[in-house]
Amino acid sequence: MIDNILITGANGYLGSSFIKQYQNKYTFEKFSLVNQNLEDINFDNIDVVLHCAALVHQKIEYNYDKYYEINVEYPTKLAKLAKQNGIKQFIFISTIAVYGEDEEKLDENTNCNPVTPYGKSKLEAEKKMLELSDDSFIVSIIRPPMVYGKDAPGNIDSLVKLVKKLSIIPLGSIENKRSFVYIQNLCHLIDVVIEQQKSGIFLASDDEPLSTSRLIELIAKNLNKKVYLIKIPFFENFLKIIKSSFHKRLYGSLEVNNSLTKEKLNLTNPYSAEEGIKLMIKGENI
């Protein structure tokens, strides 16, 4: 039985959410890469290491060396120490950024071709984690897409703010498909991986992808706000020219098929995407 979890990034969105959801099931030992030394960790009575800490996309882009130091060197040292101390399982939170930016549909077997320093460093770390994996040291890698939920940072929060401010939004009739993962669905996946002590690579995702237009409709519905989604022909082209990365997130597709993960873990998401959006807006995370 798994009782004690050492968690890095405990103050981050995923780490704090996981602790909150499972504080009555597990005992947590928190570790800060910023304030503590790896060598000072006491692994006595620790069953699992859950590594959530990372240097993610920044407004001020660091050079690759910084990403490598935090996203590759630290977790590799931590995993080696964990293995030396007889820890049963090491869970590494990665990202779908390891696949790159050209894939519109991806699954567990899609080739990885990261382009950002963040994605490149995460893939490099994955490789080093898997090299340590054996029968006595289980390595579990989880690749989530964009995570949303109450107080989550990121693009969905930006859309919520947009819907609150505007009643007419020029993002109508967008028929793309983008996969996201509700924070409680991601936490549930991590819990199942811990319970089953399964090794390998796992993809997190809500069951159904959403178009940008549908996402805005759901946000507006749960804000009890009337919005008018209109299509302005030149707006998409204008956005593509002035802000191509933002255009891609609003109009492009990124559909995650995690059926292999579900099959391997016999996994069922507790929440639909529609329920997740509702809980995010209403602030009723359970």
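Looking across Lys25, Lys105, Lys77, one residue alone is exposed (fewer than 15 other Cβ atoms within 10 Å of the Cβ), under 18 Å from Ala204 (Cβ atoms) and at pLDDT 90 or above. It is Lys105. Looking at the stretch 51-67 only, could you name the residues that are at pLDDT below 85 and either under 20 Å from the mean Cα position of the chain (by Cα) or not in a loop (DSSP other than H, G, I, E, B) (or both)? Hits for the stretch 51-67 are His57, Gln58, Lys59, Glu61.
Residue selection: Asn37 satisfies the criterion of being of a type outside the set (A, V, I, L, M) and without any contact (Cβ under 8 Å) to a residue 24 or more places away in the chain. Exactly one residue out of Lys221, Lys226, Lys198, Lys150 is over 20 Å from the mean Cα position of the chain (by Cα), part of a loop (DSSP other than H, G, I, E, B) and surrounded by fewer than 19 Cβ atoms within 10 Å (Cβ to Cβ), and it is Lys226. Taking the conditions exactly as written (in contact (Cβ under 8 Å) with a residue 60 or more places away in the chain, assigned to a loop (DSSP other than H, G, I, E, B) and either more than 30 Å from Asp207 (Cα to Cα) or not assigned by TED's automatic domain parsing to the domain that holds Ser245 (or both)), does Asn113 satisfy them or not? The answer is no for Asn113.
Looking at the stretch 154-195, which of its residues are part of a loop (DSSP other than H, G, I, E, B) and over 19 Å from Pro209 (Cα atoms)? Those that are part of a loop (DSSP other than H, G, I, E, B) and over 19 Å from Pro209 (Cα atoms): Leu166, Ser167, Pro170.
The values are calculated or read from the model by the stated rules, or taken from the named source; none is laboratory data. None of these values were measured; they are calculated from a predicted model. Note: ideal-geometry Cβ built from the backbone for every residue, glycine included; neighbour counts use all protein chains shown.
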